[in-house]
Amino acid sequence: VMNGTEKVPLSCIICPRSCHLEVNMEGSEVVSIDGFGCNRGKAYAQEEMVAPKRMLTLAIPVKNGELPVLPVVSKTSLPKGRIMECAELLRNCVVEAPIYEGQIIVKNILDLGVDIVAARDIQDKTAS
C-alpha cells in the first residue's frame, strides 16, 4: 500500500494469454490497471475488482429421462456473491423429459435478469 493506493495482482482469465495484471485501488475504486494485453483484459480487471461475476453450471434431476441428471448453465454471468444462493434454489428443481438444449429451466433466477438453461437434450425414456 502506497499513499492509500493498494496494488492487487490479478491473472486475466479472458483468453489463453493469461496476462498478469496489476490493479491499483484506492478504497473500492480502480485507479489504474497495468499488464493487460487487450481491452477485454482491462474490462475484466475493472469488473473483477468492482463487481465480480461468474457463470453457474450444475446438474439437476430429470424424471423419465434417458439420463438421470440434466446439466444446466446460466445464460450469462451472475454476481459472484449470489452464486451459492442460485445453486441452492436449483438444488430443489426437478425437470421432466423431454428437455431440449437451450430450453429455459429457471427464468430470471432471483430477479437477477439471467435465465438458467438446459445444456443438452435429454429424451424421454418412456417414449416409443
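The values are calculated or read from the model by the stated rules, or taken from the named source; none is laboratory data. All values reported here derive from a predicted model rather than from experimental measurement. Because the Cβ atoms are built from the backbone with ideal geometry, glycine has one as well, and the counts that use them run over all protein chains shown. We work out accessible area using only protein heavy atoms, side chains counted, and drop any ligands, DNA or RNA first. Shrake-Rupley method; radii C 1.70, N 1.55, O 1.52, S 1.80 Å.
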Within the set of pairs 6 or more residues apart or between chains, which connect a residue that is assigned to a strand (DSSP E or B) inside the range 2-31 to a residue that is open to solvent by 30 Å² or more (accessible area, probe 1.4 Å) and among the basic types (Lys, Arg) with Cβ atoms less than 9 Å apart? Leu21/Lys42; Glu22/Lys7; Val23/Lys7; Asn24/Lys7; Met25/Lys7
Restricting attention to the range 62-84, which residues are open to solvent by less than 50 Å² (accessible area, probe 1.4 Å), of a type outside the set (Val, Ile, Thr) and over 16 Å from the mean Cα position of the chain (by Cα)? Gly65, Leu70
Looking for something of a type outside the set (A, V, I, L, M) and touching a residue at least 60 places away in the same chain (Cβ under 8 Å) - is there at least one such residue anywhere in the range 59-70? yes
Scope the range 91-111; condition out of contact with any strand residue (DSSP E or B) (no Cβ under 6 Å at 6 or more places or on another chain) and either open to solvent by less than 80 Å² (accessible area, probe 1.4 Å) or among the hydrophobic types (A, V, I, L, M, F, W, C) (or both); matching residues: Asn108, Leu110
Name the one entry in Ala59, Ala87 that is touching a Pro at 6+ places or on another chain (Cβ under 6 Å), surrounded by fewer than 16 Cβ atoms within 10 Å (Cβ to Cβ) and not in a loop (DSSP other than H, G, I, E, B). Ala59
Filtering the range 30-47 down to residues that are surrounded by fewer than 19 Cβ atoms within 10 Å (Cβ to Cβ) and within 22 Å of the chain's Cα centre (by Cα), which residue is nearest to Gly81 (Cα to Cα)? Glu47
Any chance the range 54-66 includes a residue that's closer than 30 Å to Gly4 by Cα and either out of contact with any Gly (no Cβ under 6 Å at 6 or more places or on another chain) or at pLDDT 95 or above (or both)? yes
Looking only at the range 112-128, how many residues end up being part of a loop (DSSP other than H, G, I, E, B), surrounded by 13 or more Cβ atoms within 10 Å (Cβ to Cβ) and in contact (Cβ under 8 Å) with a residue 60 or more places away in the chain? 2
